[in-house]
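Encoded as structure tokens, the structure appears first; notes follow it.
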Amino acid sequence: MSEPSFPASKGATRTASPAAPGGVDDAPDPRRWWGLVVIALAQLMVVLDATIVNIAMPSAQKALEISDGNRQWMITAYTLAFGGLLLLGGRVADLVGRKRTFVIGLVGFAVASAIGGAAQTSGMLFAARALQGAFGALLAPSALSLMTTTFTDPRERGKAFGIYGALAGAGGAIGLLLGGILTEYLDWRWCLYVNIPIAVIAVIGATVLLHDRPGHREARLDVPGVLLGCGGLVAVVYGFSEAEAQGWSDSTVLTLLIGGALLLVCFGLWQARAATPLLPLRVLADRNRAGSFLTMGLATIGMFGVFLFMTYYLQGILGYSPVRTGLAFLPMSAAIMIGSTQISARLLPSTPPRMLMVPGMVLGAAGLSWLTFLEVDSAYATHVLPGMLLLGLGMGLTFMPVFSTATAGVRPQDAGVTSATVNTAQQVGGSLGTALLNTLATSATSSYLGEHRPGPGGPARLAQEAMVHGFTHALWWGVGAMLLAAVVAGLLVTTGPAARGRGPQAPAAAH
């Protein structure tokens, strides 16, 4: 679940081609700030949709009779398609033109949202969520690329990226609250339908206000890379999800996990020889950059698990309404923004990145550890809120230096793919983490029910105790992932302060 973090589109910055004489960049477009509104609105929709469904999950699960083992696909289908296709989306934008892919992405996202809102079966909902992720991966790179061609003055560009980042970064928090309002006062399906009017407004605005050059015919799509990379990720995630029902030693589960791992190995080998690879391996050659990618992937494992479990804990155990659940998540969103903009952003110019990443991951692990002591009768103020605040602050401390370090010192032609890889690591880490932690939680819940008999509270109380036991059991694995991220950051990210080292390549990378 994509809690407010850094918009995935930031990972798809493309270096603008020099403007041709007489082109749109010869003089500033007088309507460029209205164009920024359109671009930010589209990005807000993509980021919002990563969290708005979180609060609606219990209602959707009940309405469509989705099992506990499969509920994670409401989130994973979106993040997996989004993260897996983000690099390809940037290539498509280069090939056919950014404005065209921007509009196609908006229309496709709206259609997928309509299908998801009208879903009558779990399979239809999961497919719609995957389709949303696919069109989001097409839309996001186009949005940021249009930003780079619309704002060419350095001072204006910095201001535009600041506004863009603030609006997109707030999308996660807005999604949590809006999801609660729509679910409680209308229906969970409106958490998907709400994208349709947003997309219609953005399409009209893009048609009138945005300009772009034709696509580059010399660009090529790495289709084998897409098939190998996405196929491997899907196989691994599906293998994790099936382990709860079939068991870790089941032949199908083992085939999926081993086959997925082999496909990912083949993906790496293919990238080394492909003429136009999705992920040039030279991007991974720098230890600081590789460390940042690994840190981001490991960090999101625990964070995504919190949003999955705490949504069910707040609504299913504490009896919160959807709106109250959305409000309960806002302090964590605020902590992320404070840690990023008020602490990391101020310290990064004079502080080595790992001196922010390592404490950030330790704080995050401490927050998750606090949540492992939850019980059926725990109070929000004393048992939930402290853990959320620690986790949010830790993630905020970590995100900023990760993006800055990962995108620093890259060649101009690699700036887009490098930023995209950070965001891909975030989405893929969240996808794998959600599937794995959900499987661990569900298995622990089943084991608890098999080992305990109903007490004074009866079967209902036992079911709640088993659910909480499953959540806390899985969260310990999230703690381990964050501590491992701290070790990785401490050992691999050895660059000095940004002011004396390699600074970020673009304003977008600093968010």
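The values are calculated or read from the model by the stated rules, or taken from the named source; none is laboratory data. Keep in mind it's a predicted model, so treat the numbers as computed, not measured. Cβ: placed from backbone, ideal geometry, glycine included. Neighbour counts: every protein chain shown. Keep in mind that these areas ignore ligands, DNA and RNA; they rest on the heavy atoms of the full protein, side chains included. Shrake-Rupley method; radii C 1.70, N 1.55, O 1.52, S 1.80 Å.
For Leu254, are the conditions met, namely being part of a helix (DSSP H, G or I) and surrounded by fewer than 20 Cβ atoms within 10 Å (Cβ to Cβ)? Spell out the reasoning first.
Working: part of a helix (DSSP H, G or I): yes; surrounded by fewer than 20 Cβ atoms within 10 Å (Cβ to Cβ): yes.
Yes: the conditions hold for Leu254.
List the residue pairs whose Cβ atoms are under 9 Å apart, where the first residue sits in segment 433-446 and is free of Cβ contacts under 8 Å to residues at least 40 places away in the same chain, the second is polar (S, T, N, Q), and the two are 6 or more positions apart or on different chains.
Filtered contacts from segment 433-446: Ala444/Thr472.
In segment 235-251, which residue that is acidic (Asp, Glu) and part of a helix (DSSP H, G or I) is modelled with the highest pLDDT? Show your work before the answer.
Within segment 235-251, the subset acidic (Asp, Glu) is 242, 244, 250.
Next, only the ones that are part of a helix (DSSP H, G or I) stay: 242, 244.
Working: Glu242: 76, Glu244: 65.
If we take residues in segment 235-251 being acidic (Asp, Glu) and part of a helix (DSSP H, G or I), then Glu242 is modelled with the highest pLDDT.
Would you pick out the residues in segment 377-405 that are of a type outside the set (A, V, I, L, M) and open to solvent by 40 Å² or more (accessible area, probe 1.4 Å)? Let's see the steps before the verdict.
So in segment 377-405, the residues of a type outside the set (A, V, I, L, M) come out as 377-378, 380, 382-383, 386-387, 392, 394, 396, 398-399, 401, 403-405.
Of everything in segment 377-405, those that are of a type outside the set (A, V, I, L, M) and open to solvent by 40 Å² or more (accessible area, probe 1.4 Å) turn out to be Asp377, Tyr380, Thr382, His383.
Which pairs do you get when a residue that is in contact (Cβ under 8 Å) with a residue 40 or more places away in the chain and part of a helix (DSSP H, G or I), found in segment 460-481, comes within reach of a residue that is surrounded by fewer than 23 Cβ atoms within 10 Å (Cβ to Cβ) and of a type in the set (D, E, K, R), reach meaning Cβ atoms under 9 angstrom, with the pair 6+ apart or on two chains?
Pairs that qualify, where the first residue is in contact (Cβ under 8 Å) with a residue 40 or more places away in the chain and part of a helix (DSSP H, G or I) and the partner is surrounded by fewer than 23 Cβ atoms within 10 Å (Cβ to Cβ) and of a type in the set (D, E, K, R), are Glu465/Glu375; Met467/Asp68; Val468/Glu375; Thr472/Glu375.
Restricting attention to segment 346-376, which residues are among the charged types (D, E, K, R) and either modelled with pLDDT of 90 or more or surrounded by 16 or more Cβ atoms within 10 Å (Cβ to Cβ) (or both)?
To start, the set of residues in segment 346-376 that are among the charged types (D, E, K, R) comprises 346, 354, 375.
If the condition is that a residue be among the charged types (D, E, K, R) and either modelled with pLDDT of 90 or more or surrounded by 16 or more Cβ atoms within 10 Å (Cβ to Cβ) (or both), then Arg354, Glu375 are the ones that fit.
Given the criteria free of Cβ contacts under 8 Å to residues at least 12 places away in the same chain, open to solvent by 70 Å² or more (accessible area, probe 1.4 Å) and outside any loop (DSSP other than H, G, I, E, B), does Leu262 qualify? Talk me through it step by step, then tell me what you get.
Values: free of Cβ contacts under 8 Å to residues at least 12 places away in the same chain: no; open to solvent by 70 Å² or more (accessible area, probe 1.4 Å): yes; outside any loop (DSSP other than H, G, I, E, B): yes.
Judged against the criteria, Leu262 is not a match.
Say whether the condition of being in a helix (DSSP H, G or I), at pLDDT 90 or above and either within 17 Å of the chain's Cα centre (by Cα) or basic (Lys, Arg) (or both) is met by at least one residue in segment 83-103.
No - not one qualifying residue is present in segment 83-103.
Answer with yes or no whether Ile343 is in contact with a helix residue (DSSP H, G or I) (Cβ under 8 Å, 6 or more places away or on another chain), at pLDDT below 90, open to solvent by 20 Å² or more (accessible area, probe 1.4 Å) and farther than 30 Å from Leu462 by Cβ. Give the derivation first.
Working: in contact with a helix residue (DSSP H, G or I) (Cβ under 8 Å, 6 or more places away or on another chain): yes; at pLDDT below 90: yes; open to solvent by 20 Å² or more (accessible area, probe 1.4 Å): yes; farther than 30 Å from Leu462 by Cβ: yes.
Criteria met by Ile343.
Among the candidates Ala272, Ala290, which residue alone is within 19 Å of the chain's Cα centre (by Cα), over 30 Å from Leu385 (Cβ atoms) and surrounded by fewer than 24 Cβ atoms within 10 Å (Cβ to Cβ)? Full working, then the answer.
Details: Ala272 fails: within 19 Å of the chain's Cα centre (by Cα).
Checking each option against the conditions leaves just Ala290.
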